[in-house]
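The values are calculated or read from the model by the stated rules, or taken from the named source; none is laboratory data. Just so we're clear, the structure is a prediction, and the values are computed from it rather than from any experiment. Every residue, glycine as well, gets a Cβ built from its backbone with ideal geometry; the counts of neighbours run over all protein chains shown.
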Amino acid sequence: MDMVLEADRLGKRYGSTWALRDCSLHLPAGRIAALVGPNGAGKSTLLHLAVGLLKPDAGAVRVFGRSPYGDTQGLADIGFVAQDTPLYRDFTAAELVFAGGKLNRRWDAALARTRLAQLGIPPDRPVGKLSGGQRAQVALALALAKQPRLLLLDEPVASLDPLARREFLQSLMGSVADSGTTVLLSSHLLADLERVCDYLIVLNAAQVQLAGAVDDLVAAHRQLVGPRHDGGVIGGVAAVVRASHTDRQSTLLVRTDGPVTDPAWTVRDVSLEDVVLAYLADGAVQTSHSEWGVAA
Amino acid sequence: MIWLTWRQHRKQAFYTLLGLAALAALLVPIGLSMRNTFSDLGLADCARQLADANVTAATRDTCDAGFRRFGNRYGSLNLVAVLLITLPALVGLFWGAPLVAREVEHGTHRFVWTQGVGRTRWALVKFGLVGGAVVVLAALYGLGMSWWVDPLTKAAHEGRLGMIVFDLQGIVPIGYTLFAVALGVFAGTVWKRMLPAMGITLAGYVGVRAAVEILARPRYQSARTQTFPIEGDGPPEVSRGRVSSGVNGTSSWTACTVSAPRRRSAVASTFPTSRSPCRIGNAK
């Protein structure tokens with residue numbers, strides 16, 4: 001399969017803290033991928049590395065087979081909407097579209113204008129005076145006007161109210177559906193992206209916890225409820241992701257590699273959110289225990 | 001990219017030009033009246049005559065009185081001149097420091113550096129245009145200042161290389177302004193926030209200026225006075241300093257004083273004959 005974004009043991013360090021470490025992932029072409037993780041997990045760092053704003057301290061990242069850092073030509077294929085949609089606040093939307101034309105060889109100004117007109121965004125008001133939702137739409141229109149093959153969005157909906165969130169994601173999906181653009185969106189809330197993404201990357205504590213197509217991930221995980229479990233092997237279970245116990249009963253979220261036939265266990269299907277939360281909870285607790293210097 | 005630079009800085013450029021225009025509106029009338037007074041008092045002739053060694057005592061007294069009157073009236077402007085030295089630092093603060101720091105502080109570098117032109121071209125165009133504009137402004141300023149301080153310098157019996165006036169005119173403001181802007185860009189790139197960058201620019205600029213003034217300049221090679229005979233028509237061979245010889249064809253030899261270039265050197269031009277056979281290249 002064609003890979004758009006590949007990271008190989010990618011690492012980025014700020015001072016002595018690794019913001020991203022040993023991150024290996026492959027994003028196939030044509031996917032709408034969600035990059036989910038709590039605040040500070042390294043999502044922005046990963047996206048900044050992918051768009052060439054940061055230089056890797058370890059490993060390598062390749063976008064369309066090229067290393068993005070310092071690669072001006074490769075930038076033409078990547079659309080990037082940064083966190084909090086930074087734009088020159090004293091520029092009007094029309095001026096930003098014009099500036100984009102000056103800054104890019106490939107630029108579809110008509111597309112940007114049509115989009116902004118449809119969304120009812122005034123062309124002659126400074127974007128600093130627009131609402132957060134409108135500003136996000138301007139930033140998205142500018143990114144789409146580049147006609148990118150890969151669109152990276154860093155927390156695009158974090159600062160929007162629920163209605164604006166839905167409108168933003170709808171308009172995003174509408175515009176990338178036909179073009180076959182690969183999209184990678186990050187968010188700290190899965191709920192924001194669950195409806196639109198078909199691929200999921202879970203990042204926690206600077207490392208990739210989980211990556212794969214949403215359907216595969218849901219199919220490969222099960223919740224087992226049964227007698228108290230003490231770590232023995234269960235047939236059909238590849239790994240226990242998260243376990244919680246009461247005196248007599250254990251609830252496990254497991255990754256399966258076959259059907260679980262043991263009659264002692266009740267097998268339940270899981271939602272995508274259950275899977276993500278299980279992986280996130282795991283990472284968070286480990287780091288915090290080691291940082292506080294107490295036993296887990 | 002050029003359009004973007006213009007669009008981003010046009011307001012700033014407007015205020016800078018406004019500031020310069022205000023400065024000109026203030027200084028040009030003063031300069032004109034200063035020049036009028038200077039010529040009304042006949043000080044231009046005085047300056048020439050006083051340079052001559054065997055000037056009469058009467059002329060000297062008249063001229064000194066004239067210079068005193070001029071000094072009483074315009075001497076306080078030397079303080080204004082001191083203030084004007086700070087202008088390059090202001091350009092560094094407001095043009096240099098925010099150039100990169102403002103983009104990073106507002107996060108807009110994530111927008112502009114991910115467009116198709118890339119950040120190398122962004123930097124080249126931006127630094128080139130802002131640097132060019134600053135050079136033009138500084139050149140205008142330097143020329144204007146040369147015109148403005150000229151009477152003050154003459155009245156103070158200081159040359160082009162006198163303290164403070166040296167820093168105000170000619171290419172010196174250009175050099176210092178470019179230095180201040182470069183320092184501002186550097187500070188803004190390293191510290192990434194506008195206010196610290198501006199503070200560091202100011203401190204760095206003042207520090208370097210003070211170091212040059214206090215530590216470096218007094219240690220420049222001092223003036224050397226060499227007196228030697230000239231024989232024949234040809235110019236003498238001098239290793240340092242330029243001597244343009246105006247030797248009178250009939251005289252067999254005459255003495256000539258040469259001084260090596262030096263700032264703030266108050267070398268008296270001692271000519272043995274009234275016809276001043278030698279003109280000294282780089283002295284006052």
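A few notes on this one:
- Restricting the search to strands (runs of 3 or more DSSP E) fully inside segment A:180-296 and requiring at least 3 residues that are outside the structural domain of A:N39 (by TED's automatic domain parsing) and more than 24 Å from the chain's Cα centre (by Cα) gives A:221-227, A:237-245, A:249-256, A:266-269.
- All of (1) within 23 Å of B:L4 (Cβ to Cβ); (2) under 30 Å from the mean Cα position of the chain (by Cα) hold for B:E105 with one exception: (2).
- Yes/no for B:F111 being more than 23 Å from B:L83 (Cα to Cα) and away from chain A (no Cβ under 14 Å): no
- Segment A:56-73, residues that are surrounded by fewer than 21 Cβ atoms within 10 Å (Cβ to Cβ) and either within 12 Å of chain B (Cβ to nearest Cβ) or hydroxyl-bearing (S, T, Y) (or both): A:S67, A:Y69, A:G70, A:D71, A:T72, A:Q73
- Look at segment A:31-46: where a residue is within 15 Å of A:V214 (Cα to Cα) and a partner is in a strand (DSSP E or B) and of a type in the set (F, W, Y), sitting 6+ places away or on another chain with Cβ atoms under 8 Å, you get A:R31/A:Y199; A:I32/A:Y199; A:A33/A:Y199; A:A34/A:Y199.
- Residues in segment A:8-55 that are in a loop (DSSP other than H, G, I, E, B) and of a type in the set (A, V, I, L, M, F, W, C) were compared, and the one that is surrounded by the most Cβ atoms within 10 Å (Cβ to Cβ) is A:A41.
- Among the residues of segment A:107-144, the ones that are farther than 19 Å from A:E167 by Cα and out of contact with any strand residue (DSSP E or B) (no Cβ under 8 Å at 6 or more places or on another chain) come to 6 in all.
- For segment B:81-103, the tally of residues that are within 12 Å of chain A (Cβ to nearest Cβ) and either basic (K, R) or surrounded by fewer than 20 Cβ atoms within 10 Å (Cβ to Cβ) (or both) stands at 1.
- Among helices (runs of 4 or more DSSP H) entirely within segment B:1-74, having at least 1 residues that are under 21 Å from B:L90 (Cα atoms) and either under 22 Å from the mean Cα position of the chain (by Cα) or more than 14 Å from chain A (Cβ to nearest Cβ) (or both) singles out B:2-40.
Okay, residues lined up against (1) among the small types (G, A, S); (2) crowded, with 19+ Cβ neighbours inside 10 Å; (3) outside the structural domain of B:L20 (by TED's automatic domain parsing):
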{"residue": "B:S146", "(1), (2), (3)": "yes, no, no"}
{"residue": "B:V149", "(1), (2), (3)": "no, yes, no"}
{"residue": "B:F166", "(1), (2), (3)": "no, no, no"}
{"residue": "B:G184", "(1), (2), (3)": "yes, yes, no"}
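- In segment A:91-127, of all residues being charged (D, E, K, R) and more than 8 Å from every other protein chain (Cβ to nearest Cβ), the one that is surrounded by the fewest Cβ atoms within 10 Å (Cβ to Cβ) corresponds to A:D124.
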